[in-house]
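Report on the structure given below.
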Amino acid sequence: MERSFRVRTDGRSFTITAVDRDDWTDMRDPCPECASRAFDHVSTSGGRYELRAGAVVRRTDRWNADRSLHTSCRNCGAVLDKHPAYDLLFDRDGDDERAASSESV
Ligand SMILES: [Zn+2]
């Protein structure tokens, strides 16, 4: 399933999308399109950090901010999982409304 969201900021507007396929769960599953088992994957990493004896220690037992943002097949390019925040971080390339209005003129 793909969902679209319209984002407006500073007079600009663009669309971000989320992908959540019913036929793929995680990287233990082969690509449903081509059966490949090689993926490109982006995730967040974070959590609670504390200073202990001069060293910064990550406490994953307290709060784990790891989230999958994007997974695609390296062989066929199928997008298998995508959080809408991925577009805000990597793929935002224009103004959909500005592009649409200039196309209609
Ligand atoms: Zn594939």
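Based on what the data block shows, is Arg3 of a type in the set (Lys, Arg), more than 15 Å from the ligand (Cβ to nearest atom) and more than 16 Å from the chain's Cα centre (by Cα)? No.
Restricting attention to the stretch 37-54, does a residue exist that is surrounded by 13 or more Cβ atoms within 10 Å (Cβ to Cβ), more than 16 Å from the ligand (Cβ to nearest atom) and among the aliphatic types (A, V, I, L, M)? Checked against the condition, which is being surrounded by 13 or more Cβ atoms within 10 Å (Cβ to Cβ), more than 16 Å from the ligand (Cβ to nearest atom) and among the aliphatic types (A, V, I, L, M), the stretch 37-54 yields at least one hit. Could you please let me know if Glu97 is modelled with pLDDT of 95 or more, among the charged types (D, E, K, R) and surrounded by 14 or more Cβ atoms within 10 Å (Cβ to Cβ)? Judged against the criteria, Glu97 is not a match.
When you scan the stretch 2-24, do you find a residue that is without any contact (Cβ under 8 Å) to a residue 24 or more places away in the chain, surrounded by 13 or more Cβ atoms within 10 Å (Cβ to Cβ) and not in a loop (DSSP other than H, G, I, E, B), even just one? Taking every residue of the stretch 2-24 in turn, none turns out to be without any contact (Cβ under 8 Å) to a residue 24 or more places away in the chain, surrounded by 13 or more Cβ atoms within 10 Å (Cβ to Cβ) and not in a loop (DSSP other than H, G, I, E, B). Within the stretch 14-32, if we keep just the residues that are touching a helix residue (DSSP H, G or I) at 6+ places or on another chain (Cβ under 8 Å) and either within 17 Å of Asn75 (Cβ to Cβ) or of a type outside the set (Ser, Thr, Tyr) (or both), the residue that is modelled with the highest pLDDT turns out to be Ile16.
Of all residue pairs spaced 6 or more apart or on separate chains, those with beta-carbon atoms under 6 Å, a first member in the stretch 71-82 that is part of a strand (DSSP E or B) and a second member that is more than 7 Å from the ligand (Cβ to nearest atom) and of a type in the set (Gly, Ala, Ser) are Val79/Ser72; Asp81/Ser68; Lys82/Ala18.
The values are calculated or read from the model by the stated rules, or taken from the named source; none is laboratory data. In this text, all values refer to a predicted model and were calculated from it rather than measured experimentally. FYI the Cβ positions are ideal-geometry reconstructions off the backbone, even for glycines, and counts take in every protein chain you see.
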